[in-house]
Amino acid sequence: MTVADYDLDRVLIYNTVPAGAGAEPDIVVGQTDFSSRETTCDAVHVTIPETVEITPNGKLVVTDSEHHRVLIWNGVPTSHGQPADLVLGQADFTHCQQNDDNQDGERDEAPTARTLSFPAGLWTDGSRLVVNDYENNRTLIWNTFPTSNFQPADVVLGQADFSSSMPNDGNQDGQTDEAPSARTLNYPYDGVDSNGRQLAIADSGNARVLIWNSFPTANFQPADVVLGQSDFAHYAPNDDDQDGSMDSAASARVMISPTGVRFHQDKLLVSDEGANRVLVFQSQ
């Protein structure tokens, strides 16, 4: 079992799932030991790790969010502070600036297919990789699992191309539109998951969850289903009557700030953080 210990800038690894309270982790990565808290930009340390996954073939993947990169270990670490083997979002382990394609240490005006700006959520089945690129208002898809540093993504959702980054920019004029659409995103955070066929993304800034009924294969591909809103053009949180204003009470079909999604058997679970609850949707 792995835990992203967000505030302490580390990832904890339990070699077996704890059977009771008080169990101590076996390994820490992101730090050299359990008492350290360093944020150095290198292959060892992480800063604000949002999400951690172990692939079916035994790789460890971490969104090192404040370093604007994704770290990959080719095997689950067996020693404290074990350095990562591969990095996405940067050309090497000593660069940590957001959207820095030329790697000069300065933020570029626009992102590219290989840069990141606060990557938050991730999903992988060991063959594909999906990352919510939070501050670029997009989700990146690698159709095959990356094997080299700075490897560019193959598909982008939320934007028409890899150089655009504005939220809810349906016409891609570089300005935020009055309303979202089935193709746009507004600060997608941790929530991204797939059951191998469908893809779900928590579009947190639009108070909704988007679902693609088949795994996306094209840039700017529109979602098929929206939860939390009656259509793709509404975005106000907790807006059951869909008048564009937040209601005073929650309901079964609205959200405030969805941050997590998880497919489980025939259900979709949504962490509606702003409403302090988890919503369970049964497939129809």
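The values are calculated or read from the model by the stated rules, or taken from the named source; none is laboratory data. Bear in mind that the values here come from a model prediction, so they are computed numbers and not experimental data. For neighbour counting, all protein chains shown are included, and Cβ atoms are generated from backbone atoms with ideal geometry for every residue, glycine included. Remember, those area values only see protein heavy atoms, side chains included, never the ligands or the DNA or RNA. Shrake-Rupley method; radii C 1.70, N 1.55, O 1.52, S 1.80 Å.
Using 0.36 nm per residue, how much length does the chain from S79 to T16 gain when fully extended, once their Cα-Cα distance is taken away? It would help to have the intermediate numbers written out before the result.
Numbers: separation 63, 0.36 × 63 = 22.68 nm, distance 1.53 nm.
Difference between extended and current length: 21.1 nm.
Largest first and in whole Å, what are the equivalent-ellipsoid semi-axes of the chain based on the Cα gyration tensor, each being the root of 5 times an eigenvalue? Working shown, then result.
Values: eigenvalues 184, 106, 55 Å².
Largest first, the chain gives 30, 23, 17 Å.
Taking the Cβ of D169 as the centre, find all other residues whose Cβ is under 13 Å away and add up their charges (Lys, Arg: +1; Asp, Glu: -1). So the surrounding residues net to -2. In this simple spin-label model, placing a label point 7 Å from the Cα along the Cα-to-Cβ direction at both E109 and F34 gives a separation of 5.1 nm.
For segment 1-136, give the percent of accessible area contributed by carbon and sulfur heavy atoms, probe 1.4 Å, rounded to a whole number.
The computed percentage sits at 46.
Extending 7 Å from Cα along the Cβ direction at N57 and again at A179 yields two label points whose distance is 4.5 nm. The local environment of P83, defined by Cβ-Cβ distances under 15 Å, has a net charge of -3 under the rule Lys, Arg +1 and Asp, Glu -1. Extension gain for S127-D231 works out to 34.2 nm (0.36 nm per residue, less the C-alpha to C-alpha distance). Spin-label model, D243 to N102: label points 7 Å out along the Cα-to-beta-carbon direction sit 5.3 nm apart. In plain terms, the chain from K267 to D26 could stretch by 83.5 nm, reckoned as 0.36 nm per residue minus the Cα-Cα distance. With q set to 0.21 Å⁻¹, the log10 of I(q)/I(0) for segment 167-228, from the Debye formula over equal scatterers at the Cα positions, is -0.81.
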